[in-house]
Structure formats: structure tokens, C-alpha cells
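These notes are about the structure you will find just below.
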């Protein structure tokens, strides 16, 4: 395993790691639990995620990635170091790394990612935009002079990118994703039912009856929380039509972002996209009916990619063989590969 190349997806919801020749070896929640008194890290990943909303004042549960970017550098560094130790047994020969990033990342945000990874002794770091990674992970040939529109709906950010000749010809991103859906559910339930629920409950409800388009058969889900009128524990029933009403606002924001990306796409590539349709990736792509709503608003075919939750990390993993071709030139890059070397 010495010197093995690694792909990393620094997701807002999950930290994923792909090992060359092995596949996905890490898929854990991007959550860190810290002792507020000593600043000592108590838990990382799934164990920390189980503590969300269930800790004492002494333990703080923090998500170091917010909106697709690093919000806490030291905890992100600790999380990367923790998982690198799991896959690397050598401190002498450190691996080369490909990291997927949101398509709309600024230079400052890119540098923060590079610095966080480089702090762990990595000898070469290459960045790859999430829409491009998703396209590669789905088996698409991105080297052709042909436009393909890929939309990645993550936890903290959604990206739309028109891909041609190993790169993005047009791209847009918006800080709306799975977390925004959960927040919308919490706000709706509070306003509609005078019920206070937590993030875990909102996530469970979204998975059970979440939809962006009317379901053929009405579904229901029992929400358990605290009654805001008397402060006592209570439960209410929510149906899929009410859920659709709750999720409409963040869903429309993502659709407007896609429409803006289409407006900025060159005419020839727009013709390609119109013929091929829109491809959906990311965990948010699994939201029932979102593909139908997007198709209705854009008047284009929409298809959810196979394994949408993992196609970004798989795509990053498939580009590991191209690390040698990546140039240390963030501004110009290299047309021979979608990777850009930063370190």
C-alpha cells in the first residue's frame, strides 16, 4: 500500500476515500465530536454522527464542511489525517491525491482544500470539479467535443456543469442541497404543526416521503418532537403532499441554477445538451420526483445516473491514472486531463 494513489471526496455529508486498485475504502459522515473543555477530539465519522442532538454541554458535535467548503480547517485536517492513517501504513512514502471540489469553488476555497490535504504530507495534490468527476464516474467519455450537462446535488451545495473536452465549458453552483431540504422540513413542521423536530427526524422524513413532484399514492410519516405550545413530547402525521410543499422552495433554487447554467452555455453545446438531456448525480438526485420537476421546468429529458451517491468519488478514483499528466499550473491546466495539480 506504500505510495498508493488516493481519491478523496470532501463532502458536506460524507467523507469518502477511494484507494487505487481497491475501490471505496472509507464512506463516513463528515462529523467530528470535540470535548469543549479540553478541545480533544472524542469521535470522528459515524460514531460522532450518532451524537448529533444527543450530547451534554461538554461535547460539541461539529460539521467541518459546510456548503461544500471548509468551515473549520483544524477539524478538517484532523479528519483527513484520521482516515489517511487507516489506509496508509507508511510515513515515508506518502500517496498522491485527487480531491473533488464544487464546480463553483473560488481560488481561496481551492487553496483551503489544498492546504488541508497538504498538511498531511501528501506529495502531489490534484483537484477535480464535482460535475466532471460525476460524468467520469458514470462512464461518460468527456474527451469528446460534445456538451453534456451534469447536475450534482450534494448535501451543502449543488453544481451544474456543461462538460466538453475534459473540462467545464459553463458551470454554476448554489449553496442548496440535502441540508437545505432538511432545514426546510424543520421550518415547515414548526410553522404548520407547532412541532419542533431535529435534523435526524427531518432526514428520516425526507427519505421516507420526500418528494418534489406529486406522488401517485399519498404517503405518510409520523413525526416525533416537542410541542411548542406545552413543551411536551408529541407526534403528528405528515403526508407527502405537505412534504412537497415544504421542499418546493429549495428545489426551485436548484432548478433556477440549472437554467442559469443553460443560459450561459455556448449555442453548439446547448444543442448537444438538448439532444442528450440532463444527468443528475449526488444524494439529492434520489429525491422522489425531482427529475420530473426539473424536466418540466427545462423542457428537457432528465436521467438519474446509476449509483448517484458514489459517482463523484468513483470518477475521482478513475482519474488517478492521469495524475502524472497533470501540470502544476492552476490557471491553464492541461487539456490532456481534467485534473489540475496544485501542489
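No lab work stands behind these numbers, since they all come straight from the coordinates. No experiment lies behind these values; they were computed from the predicted model shown. We place every Cβ from the backbone using ideal geometry, glycine too, and count neighbours over all the protein chains shown.
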What is the antiparallel percent of DSSP beta bridges lying wholly in the chain, to the nearest 5?
-> 70
The chain, relative contact order [Cα under 8 Å, separation at least 6], % = 19
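As an exercise, use a Förster radius of 35 Å and the Cβ-Cβ distance of residue 25 and residue 72 to find the FRET efficiency, rounded to the nearest 0.05.
Numbers: r = 24 Å, r/R0 = 0.69.
Once rounded, the FRET efficiency stands at 0.90.
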Extension gain (nm, one decimal) between residue 111 and residue 260, 0.36 nm per residue minus Cα-Cα = 51.0 nm
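So if R0 is 35 Å, what FRET efficiency would residue 165 and residue 86 give, r being the distance between their Cβ atoms, rounded to the nearest 0.05? Display every interim value, and only then the final one.
On the way: r = 37 Å, r/R0 = 1.05.
Result of the calculation: an efficiency of 0.45.
If packing is taken as the average number of other Cβ atoms within 10 Å across a peptide's residues, how do 99-106, 47-54, 146-153 rank, most packed first? Could the numbers behind the result be given before it?
Values: 99-106: 23.0, 47-54: 15.5, 146-153: 26.9.
Highest-to-lowest ranking by the protection proxy: 146-153, 99-106, 47-54.
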Ranking 339, 165 by Cβ neighbours within 10 Å, fewest first, what do you get?
-> 165, 339
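Per 0.36 nm of contour for each residue apart, how much would the distance between residue 144 and residue 55 grow if the chain were fully extended, relative to their Cα-Cα spacing? Before the final figure, lay out the partial values.
Numbers: separation 89, 0.36 × 89 = 32.04 nm, distance 5.16 nm.
Between residue 144 and residue 55, full extension yields 26.9 nm more.
List 200, 321 from most exposed to least, where exposure is judged by having the fewest other Cβ atoms within 10 Å. It would help to have the intermediate numbers written out before the result.
Values: 200 14, 321 11.
Listing 200, 321 from fewest to most nearby Cβ atoms yields 321, 200.
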Any idea how far apart residue 35 and residue 304 come out in nm if each label point goes 7 Å out from Cα toward Cβ?
-> 4.3
Ranked by Cβ crowding within 10 angstrom, fewest neighbours first, how are 127, 196 ordered?
-> 196, 127
For the chain, the Cα-Cα pair-distance distribution in 20 Å bins from 0, as whole percents, is 30, 55, 14, 0
